[in-house]
Every structure is written in C-alpha cells, then in structure tokens.
Amino acid sequence: MTSHTLRATRPAPPAPGGRPGLNQRRLPRWAPAATAAVSVALGIGIGLAAGLESRVQWGLIAALLFLAISYGVTSAVENRRQAKDRLATSVVWVCFLLAVVPLLSLIWVTLSRGVKVLDGYFLTHSMAGVPGFETGGGVYHALIGTLEQVGLATLVSAPIGLLTAVYLVEYGRGALARAVTFFVDVMTGIPSIVAGLFILSIMLIAGLQPSGLMGALALAILMVPVVVRSTEEMLKLVPNELREAALALGVPKWRVILKVVIPTAIGGITTGVMLAVARIAGETAPILLLVFGSQLINSNPFDGAQSSLPFYIWEQYRVGSEASYDRAWAAALVLIAFVMILNLVARGIARWKAPKTGR
Amino acid sequence: MAKRIDVSGLSAYYGSHKAIDDISMTVEPRSVTAFIGPSGCGKSTFLRTLNRMHEVTPGGRVEGKVMLDDENLYGSSVDPVAVRRTVGMVFQRPNPFPTMSIFDNVAAGLRLNGSYRKNQLAEIVERSLRGANLWNEVKDRLNKPGSGLSGGQQQRLCIARAIAVEPDVLLMDEPCSALDPISTLAIEDLISELKERFTIVIVTHNMQQAARVSDRTAFFNLAAVGQPGKLIEIDETERIFANPSVQATEDYISGRFG
Amino acid sequence: MATTTDNAPAPPVTGKRPGSTGRAGDKVFLGLSRGSGILLLVIMASIAVFLTYRASLALSRNEGNFLTTFDWNPAGDPPVFGIAVLLFGTVVSSIIAMVIAVPVAVGIALFISHYAPRRLAAPLAYVVDLLAAVPSIIYGIWGALFLVPYLEGLNLWLDDFLGWTYVFEKTQVGVARSLFTVGVLLAIMILPVVTSVSREVFRQVPRMNEEAALALGATRWEVIRLSVLPFGRSGVISASMLGLGRALGETMAVATVLSPSFVISLHLLNPGGGTFAQNIAAKFDEANELGRDALIASGLVLFVLTLLVNGAARLIIARRKEYSGANA
C-alpha cells in the first residue's frame, strides 16, 4: 500500500491446493462415445424393464444417464474442472440431440405422409364437389390463392419497406427517424392474428367483404418490418467511401442512392424480400379472418372468398378424416417445398451477390 | 518459478500448409528472448506453439518437442489447459474481458484455478497490478469496466492478469504494436522488471525494441512467400545486432529487406 | 471510373443541368422515403386506434367483467365474455415454452458455434435457419397428430414422479391436449429462431476475447463462461424475447393441439384452457358482429402484451449496452 517499489521479486504463496503438474490422468479419447453407448443401452434396458411405452422416455432416461456418468467418471479420473467441462460438452450435445429428434421427425412425417396423395392431379384440381371425408380433390385453388395474396402483399410492402430503409439509412436523423426505427421493431413483434384483427376492424367499419386483397393487406403489415430490417442491414454494408466518391463527382444524392447504393446492395435486398415472402406465405391466422376460405377456384383476389395453402391445411385438418389428413399433409409438403425453395434461392442470391467486405 | 524452454525439431502446420519448419532452440530462464523477422516468417506461430495456443486455430497442428525444464509440453498425457496456466500470454491487441471490472479481470485466472478467500484475492490482485505498474492509476476504480482504460493501460491490465496466476513463462506477441510511444516505453520498462521473475519471450516488429529489452534475439526468415519459416540464428542480442554470423540477419537488421 | 478511351469526357449523368434536376429529384425522393416512414407510424397508430375503437364497442355491451369472467359468450343474452382464462393460458404456455426452449436453444447455438466438428457446423447452421421458416400450421398438424400421442407417456410419467408438485398432477383422464403440451410444441417451434439469433451472436464474439481466456488456462467451458456468454447475453435476451413474442401470438399451433375449455387450472397436464390467439381462431367462424368486436377486444390485450414484452426486451438491451463489449 505504501509505495509501489515493493514490486515483488518474492514468490506468491502457492494457490490453495497447489498447482497440479502438467501431467495428469486423462480419459481416453473414446470415453465419451463409450459413455453414450452405455447410457443408450441402459436407457433402453430400463425402458423395457419398466415397461415404458413411449420412446420419448427412453431417450430422456438415456440422456440423463449420459450426463451423470460422464460427470462422475471424469471427476473421479481427472478433476472437477475437467468434469465441469465434460458436463458442459455433454449438455450441449444432449441439447442438440434433443432438438434434432422432433425437428427431424417433423420433416420426415411431412415428407412421408405428404407424398401419399401428392401428384399432378392434386396440384391441378380444386376441392369443388369433393366432400371433405372422401378421397380426391386437390390444392390448385389454394395454390392460386397463396400466390396471389403473397404477390399482392409483396407489391404493397416491398416499396414501402425499401423506401423506409433508404430513409433510415441515407436521410434519417432526429426524432422522426428514431420513432420509425422504434416502431419498426415494435411492428416486428405484432402477432399475425392481431394484424388480421386490424384489417378486420377496418372491414367492419367500412362494410367490406372478405377477399384475397384483405388478407394480402394484413400480410403486408407483417412483411414490411422484415423488409425494412433486412434492407437496412444491407444498405449499411455499402461502404461510405462509395457514396462519398459519387457525391464528390457532383452527382445528386438521390441518383447516388439509386445508381450506386441500391445496386451495390441489391443482392442482399432481394434476399431479404424473399425471406420475408417465405415467412408470410405460411401465415394462416389472417387468412382465416379475412379471406374466409373457399372450396372453389377464385382467381380474382379483389372479389370474393379465396383459399390459401396454410388455410387449406387447417381446413383439411379440421375435417378429421383419413382422406382429409392425407390432403393436409400433401398440402403441407407443397407449402414447405415452396417456402424452402424461396429460402434456398434467396440464400443462394445472397451468397452469389454478397458485397465484398474484405473479410 | 522461471523455467528453461528447450525446443527441438518443432514444425507447425495450418492444415496442410507448413508454417514453421524444424526449429530447435533454448530459451534461458530469467531473461528476455526476442523473436524478430519479416512478416509471415512464423515467429508468432512459433510463439503460440510454446503454450499450445497454436492448436486452437482451425487446422493447427504441431510436431516436435517443447521441454519446459523436464516436462514435454506435447507429451501424450499433458493437458493443454494446464500448459496454458503455466505459460502465460499477452496478445498484440489488449484484450481485457469487456464485461468484467478491472478487479475481476485480474482475478479471472485465479478464480478458475481454485477458490480464494476474499482478502487473499484482493492481495494478489493488488500485487499483480503493482507488478504491472498499473496499481496507482486504477486503485480508485477497481470496479469499473476494464474496457474503459486507455490502450496502454489495458495492455498492462492484461499483463497483470497474466502474471496473477504466477506462470513460469510469459509470452508476448507484439505487445506494443497497437500502442503509442509513451505507453510502449512503460511496457518496455515493465518487461525489464518482470524478467527478474519470469522467463519472457517477446515477438516484435520493432528492432530497436528488441535491442532495448532483450538479452537474446532469435532471427526468423522464410525462403519465399508460401515457404515455411525457419530459425536463422539465435544469439546474444548485442552479437546479433553488432556482428551476426549469418548474412541474412545482417541484411534484415540493416534494413535491406523486410 | 476513369475513361481510358480517347472520346470526349462523358456528359453529366442526366444530360440536363444537374443542379436543378438534382434538387427537384432530391426533394421528391426524400419526400417518398420519408413518406414511407411516416406511413409506418400511421399504420401503427391506426392499429391501436381501430382495435381500441372496435373493442370499446364490444366492452360497452359486455354484461360480464372483461378481466375476471370465466366465460366467452358474446352471442348470449345478456352477452358475457372475459379474458381471464385466455390471459392465464397465453402466459403459462409461453412461460413453459421459454423455460424449455431458451436453455436448449443456447445449448444448440453453442454446439454449432463452439462444439460441433467444423465440417458439421456450417450445414447445421443452415438447416436451423431453414427450420425457422417452417410455417406454424405445419408445426400445428404435426403437433396434433404426432406429438400429442408421444407425449402421453411423458405426461403419465410426470404425474407419477412429480404429481406431488400439484402443477404436474393429472386429475383428468384424456388425451394430452393440455397447456403443457402446447408449451412443449411452442418450445419446439421457437427453438430454431432463438437458436439462429443466439448462434449469430456467439459467432461474433471477438476471437481475442476467447484467446484471452484460453491463455489463462481456461477449459472450453470456462472460455464460454468467461468470454462467450457475457458477450452474448444481451443477444440471447433479445433472441428469447423474439421467441416469446412468437409464442404469445401463436395461433395455429395452439388451435390444432389444445382442447379448449373456459377454466383456469394449475394442473397443467389436464386438457383445457385457452390462449388469446387460439380463442380468436376458434370462435371467429360462429361470431356475430358483437362476437367479432369481443374477439378484437381480446386481440387488443394480446397486442398490448406483445408490446410490453418488446419494450422490456429493448430496455434490457439498452441497459446492458455499456457492458456489451461492442467497443472491444
């Protein structure tokens, strides 16, 4: 405390317990695998012995055993710090496996049950004249509905989202920009059913009838904040030097934005819009409230009830017969395929067009 | 307890690329050894093999032997975690834990290795901060985040953090390259004090710095870009700078390349 | 953009006097983009206004207490409806989902960012991102047709071993279409989102922070505790809030799985209960105009609830900012 000249040539007191040497007993590399094998075997054994029917329980027993055994063995052979490290590793692995099982099951079930009735006929026919509990019918009307509603929603929301993002990144200062930023975040959190209720309240006030357009407007509300966020991110990636270089040539700002900034970021912007489309394509709740659903082909989104893929799935699920379940799964497969293809293409574009950021 | 490092036949790889080739040298205890050489000659890679940090980079792998007194760091039953506790390291850019206070930064390594009583911990933290010539500047704000200090102070904080666990060896990877001249001077003074207690190895781009702080200097070079780096020679610093035995060393030191 | 040809230098980009078009163009462009921003604010405001207006129409005719009535019968005489059951069900099922999903998601995120073999990590991250895009209705039918039967054994088990906790006591026989099952399904649903955001944060931990811990002789877990988790904390919180927002407002997955009833019971394994979104979806078809307004009123509460969650998340993140390490 007195002076800093005490700066210590004297050795420190040894740490409590003393420092272990470099050489320590260590478990062999195959130990985790062996532990896992033993736990799984025990899990199955206990499950069979206790007559537990559900394999969910077998898995949980095996997981718990795995954690306990690996902690126990490591703290016995190595030390407590290593045991904690092993425990963390095991927990992380178990988390991963726990999550993979249901998610894989979801994909597998959709695939295996979906292919049952999915064929050319299914894709090109509507449900006109097909009673819900019988086989036959198809998804064509729903496909049309989804494409039109999502298309309309994109037409409305993409320009608004893009312009808002441009405002926030290129012009935005002061209170208005802060308010917009804040409410874009808030909008991201709006549940889809609330967006649906909002349009519904307008319909009730204005005396409008359900139509594809109404659904599309609700979808647009859900889509705008997603587009703003992703576009904003992309515009921020455009290096400032590029803007300054163009401005220094005497080009007006709006042309700089149109000719330099947006073209540079266009890949990322497209990706963002497509991901937003993929997100709203699966929304069911607003359609339920605003488009009403129909068994027939209605290719006019501005007049009359329409169907959509997610709504169709819901409808067929509610019928509750084997035939309708099959149709629901087939439609689910179509919807997943649609969303996945959008995702894959979008990410492909992102990778292909990624601005080179010297990373 | 400063220890001697004895390296023999050491090569390091990034994937299939050989970064350094067949290096053998001895680093004396209680002295400062400087590594110099042009960019890409593998001196930092070599430094990182001395506390088994090289193998945490993806694809990193090491062949050869590093004896710390009588223990091989790369022995089959050696725990790399234990190695890094014995061989401390200070990095090019100061890297205090950003979410921790100054006190917690210094205590971080101690808390990993065992439980200490509160006053014992405070005592070691103070001693380490004094050892790093930082105590007087931070004693009134030990609970403030370490990221609020200046660059030079942050680097001394990192040194305090490294010496708090009483390592046998202290490795420094261009510790001053991100600092201004005054902070650099403070660190160099500190290095000469620390060598009374530790074996110090420092990588530097700055030859004056090597001349100022080190007792021995090792010169590394590579035949061409993409070729592995090699140890050209290691000798007393005065000898290396005044009268090196290899022509390449003299060329490098006199500024003819690199 | 130097021209290397021997042509005359290119004319100014527009070909007209750049000054005037520039200024007019700038004005129009600024007006358009600012207008879009303002439009967003208008939309947000009108959501609040319109919902409140229609809700007030319903509330003025409600003969029950909107907050405490355990019934939903706006078509009755007198009309009676209350949100107590819905609020309870929404909050409870979301809490169950969070309790299950957040730790597991952090685990998976760490698995991808720090534990998985490198060759596995990138495709895994990709798959998780794709799973985040699976529509909720598909989780819904999967949950109803597959998860429910599988969870029955687990429910009995919980009843056997944890029945004494009251919460896990199953007093009614019947399929597992309970709030607990809904919570599990919601957890599975939000898992990819929470994982995906958390992983992104963990990936951004500066390498030198991790090396600082490694060089002190930290094990992998200690590296994560010392440098990865503190750095990623606010990111994980915002990821969780994102997930929570989804769980609170989820409609279809709940509507397919839950067998609704207007009771509040802390026996979470018993079938029954309801959530805001599920109730709206279920009651909408048969609702008259007052019924719809009543549903809008309940939707307004859900809206406010999600706003609160969002605001809380924002506050937490803002408060942590000075410790975020973003400047490191």
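Highest mean first, the peptides A:184-193, C:165-174 sorted by other C-beta atoms within 10 Å per residue fall in the order A:184-193, C:165-174.
Distance from the alpha carbon centroid of segment B:139-194 to that of segment A:160-205 works out to 48 angstrom.
Placing a pseudo-label 7 Å from each Cα along the Cα-to-Cβ vector at A:I46 and C:F161 gives an inter-label distance of 0.7 nm. Using the structure shown, select from A:K236/B:K144; A:K236/A:K259; B:K18/B:K65; B:K65/B:K230 the pairs with a Cα to Cα distance greater than 23 angstrom. As for pairs spanning more than 23 Å Cα to Cα, those are A:K236/B:K144.
For the peptide C:298-305, the mean number of other protein chain Cβ atoms found within 10 angstrom of a residue's Cβ is 4. Partner aspartates and glutamates whose Cα lies under 12 Å from the Cα of C:K170, excluding those fewer than 8 positions away in the same chain, are identified as C:E152, C:D159, C:D160. Taking Cβ atoms as reference points and 14 Å as the exclusive limit, the residues near B:A248 contribute a net charge of -2, counting Lys and Arg as +1 and Asp and Glu as -1. Classify segment B:1-94 from the C-alpha gyration tensor, please: rounded if a/c falls under 1.5, else prolate or oblate depending on whether a/b exceeds b/c. Rounded is the answer for segment B:1-94, as its axis ratio a/c remains below 1.5.
Taking the Cα centre of chain A as origin and assigning +1 to Lys and Arg Cβ atoms and -1 to Asp and Glu Cβ atoms, the resulting dipole is close to 2240 debye.
Database remark: amide H of B:D22 closer than 5 angstrom to the amide H of B:L10, B:S11, B:A12 (H placed geometrically; neighbours at sequence offset of 5 or more, or on other chains; Pro and chain starts carry no H). Per-residue shielding of A:159-172, expressed as the average number of other chain Cβ atoms within 10 Å of the residue Cβ, stands at 5. Between segment C:120-134 and segment A:84-156, the C-alpha centres lie 16 angstrom from each other. Expressed in units of 2.2 N^0.38 Å, where N is the residue count, the Cα radius of gyration of chain B is 1.00. If R0 is taken as 35 Å, the Cβ-Cβ distance between A:N23 and A:T188 corresponds to a FRET efficiency of 0.05.
Converting phi to 3J(HN,Hα) with the Karplus coefficients 6.51, -1.76 and 1.60 and the offset θ = phi - 60°, segment C:54-68 yields 5, 4, 5, 4, 5, 5, 5, 9, 6, 8, x, 8, 4, 8, 10 Hz in sequence order, with x at every glycine or proline. Each of C:F161, C:F202 has some number of other Cβ atoms within 10 Å of its Cβ, and from fewest to most they run C:F161, C:F202. Using the Cβ-Cβ distance between B:D140 and C:S46 with R0 set to 60 Å, the FRET efficiency works out to roughly 0.65.
Counting charges near C:G174 (Lys, Arg +1; Asp, Glu -1) among other residues having Cβ under 13 Å from its Cβ returns a value of 0. With a ≥ b ≥ c taken as the square roots of the eigenvalues of the C-alpha gyration tensor of chain A, please select rounded if a/c is under 1.5 and otherwise prolate if a/b is larger than b/c or oblate if it is not? Oblate shape, in that a/c is at least 1.5 and b/c is the bigger or equal ratio. Once both labels are positioned 7 Å from their Cα atoms along Cα-to-Cβ, the gap between A:L296 and B:A242 label points is 10.6 nm.
For the protein assembly as shown, a simple Cβ point-charge model (Lys and Arg +1, Asp and Glu -1, everything else neutral) yields a dipole of about 1560 debye relative to the Cα centre. Counting 0.36 nm for each residue step from A:D303 to A:L97 and taking away their Cα separation leaves a gain of 69.3 nm. Would any residue of segment A:98-133 have its amide N under 13 Å from a label point 7 Å out along Cα→Cβ of C:F146? List them or say none. Under 13 Å, as judged by backbone N against the label point of C:F146, lie A:100-115 of segment A:98-133. Beta bridges per DSSP, both residues in the protein assembly as shown: antiparallel share near 60 percent. Restricting attention to chain B, close to 60% of DSSP beta bridges with both partner residues there are antiparallel. The residue among A:W254, A:G215, A:T284 whose Cα reaches farthest toward the positive pole of the charge dipole of segment A:140-353, with charges on the beta-carbon of Lys, Arg, Asp and Glu, is A:W254. The phi-based Karplus calculation (6.51 cos²θ - 1.76 cosθ + 1.60; θ = phi - 60°) puts the 3J(HN,Hα) values of segment C:123-135 at x, 4, 4, 4, 5, 4, 4, 5, 5, 4, 8, 5, x Hz, whole numbers, x for Gly and Pro.
With neighbour counts taken as other beta-carbon atoms within 10 Å, the residues C:W142, A:W254 rank, fewest first, as A:W254, C:W142. The GNM of chain C, with springs linking C-alpha atoms under 10 angstrom apart, assigns the highest mean-square fluctuation among C:L87, C:L308, C:L40 to C:L40. Using the Cβ-Cβ distance between A:E322 and B:E55 with R0 set to 60 Å, the FRET efficiency works out to roughly 0.55.
Annotation: amide H-H contacts under 5 Å for A:S307 (H modelled 1.01 Å from N, sequence separation of 5 or more, or interchain): A:G145, A:S294, A:N298. Rounded to the nearest Hz, the phi-derived 3J(HN,Hα) couplings of segment B:162-167 under the Karplus curve 6.51 cos²θ - 1.76 cosθ + 1.60 (θ = phi - 60°) are 6, 7, 4, 8, 6, x, where x marks glycine and proline. Of the peptides A:111-117, A:228-234, B:35-41, the order by per-residue mean of other Cβ atoms within 10 Å, starting with the highest, comes out as A:228-234, B:35-41, A:111-117. Name the residue from A:P225, A:I205, A:N298 whose Cα lies farthest towards the positive end of the charge dipole of segment A:140-353, charges +1 on Cβ of Lys and Arg and -1 on Cβ of Asp and Glu. Towards the positive end, the residue furthest out is A:P225.
Among the helices of chain A, those built from whole DSSP H runs whose Cα atoms reach 20 Å or more along their own axis and whose mean Kyte-Doolittle hydropathy is at least -0.5 are A:31-49, A:55-77, A:80-114, A:140-166, A:174-188, A:192-206, A:212-237, A:262-281, A:322-353. Cβ-to-Cβ counts within 10 Å put A:S308, A:S70 in ascending order as A:S70, A:S308, the fewest first.
Near the amide H of B:G60, within less than 5 Å, lie the amide hydrogens of B:G15, all on another chain or at least 5 residues away, with H placed in the peptide plane. For the options B:S150, B:S183, B:S16, a Gaussian network treatment of chain B with springs between C-alpha atoms closer than 10 Å singles out B:S16 as fluctuating the most.
Projecting label points 7 angstrom from Cα along Cα→Cβ for B:S192 and C:V127 puts them 6.0 nm apart. Maximal additional length on extending the B:D180-B:S150 stretch stands at 9.8 nm, based on 0.36 nm per residue less the C-alpha distance. Largest GNM mean-square fluctuation across A:S90, A:S157, A:S294, computed for chain A with C-alpha springs under 10 Å, falls on A:S90.
Throughout, read-outs are computed from the coordinates displayed, never taken from laboratory work. Note that the coordinates shown come from a computational prediction; the quantities given were computed from them, not determined experimentally. Note: ideal-geometry Cβ built from the backbone for every residue, glycine included; neighbour counts use all protein chains shown.
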